[in-house]
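The values are calculated or read from the model by the stated rules, or taken from the named source; none is laboratory data. Just so it is clear, the model here is predicted, and its values are computed rather than measured. Every residue, glycine as well, gets a Cβ built from its backbone with ideal geometry; the counts of neighbours run over all protein chains shown.
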Amino acid sequence: MSAARTFSGNVILGPLPRSGWRHDPALLRGAGPYASWLAEAGSLTARIRAACTHFRVEVLGQAMASPIADERASLHSAPGRVARVREVLLHADGTPVVFAHSAVNPAHERGAWHLLAGLGARPLGALLFADPCIGRGLLQWRRLDARHPLYQRAARACVLPPREFWARRSVYRRAGRPLLVTEVFLPAVLELRA
């Protein structure tokens, strides 16, 4: 489903594609202790940094890959097209607390999202919240179980993976071009006091 979106401050308003991901604040009532993390309006990186002594980004991979099926509409990507995919773990005091996955069309990486080049182990969140030209779409949430590809990737960071992970995602736009960022919350995030 494609629809025009308009900017209101730093938030993009408009309908969201159907993908299992929902922008429904009522959904957060079932998220228990994860709810405040899922609804965080500011930089997740900043919140984690404030709750620990040592913050680190571990880059798991960055490559051209097929977007996950439920990402295509957000990226305006046709089946068979590839995206630049980056996956990282956010560590707080040596413990992984968030698995993050971002995807952008390669043409946009060379254009509007050229800022991503050379990001390395620096946090993407710091970049997204520092640039006033970047607008953030509505947060979407869902629970991921073992059938979802991101569950499988996030589970590798856990000694005992839970049956489900809570996750959120947002489309960020720069010059009208989308960058999709998904954050999967690992159980250790609940040990942070922020």
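At-a-glance table
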{"quantity": "Selection within region 114-124 - at pLDDT 90 or above and either over 18 Å from residue 88 (Cα atoms) or touching a helix residue (DSSP H, G or I) at 6+ places or on another chain (Cβ under 6 Å) (or both)", "calculated": "123"}
{"quantity": "Residue 177 being of a type in the set (D, E, K, R) and at pLDDT 95 or above", "calculated": "no"}
{"quantity": "Qualifying residue in region 97-107 (condition: buried (at least 17 other Cβ atoms within 10 Å of the Cβ), in contact with a helix residue (DSSP H, G or I) (Cβ under 8 Å, 6 or more places away or on another chain), farther than 22 Å from residue 74 by Cα and in contact (Cβ under 8 Å) with a residue 60 or more places away in the chain)", "calculated": "yes"}
{"quantity": "Within region 175-191, considering residues that are among the hydrophobic types (A, V, I, L, M, F, W, C) and closer than 15 Å to residue 89 by Cβ, the one surrounded by the fewest Cβ atoms within 10 Å (Cβ to Cβ)", "calculated": "188"}
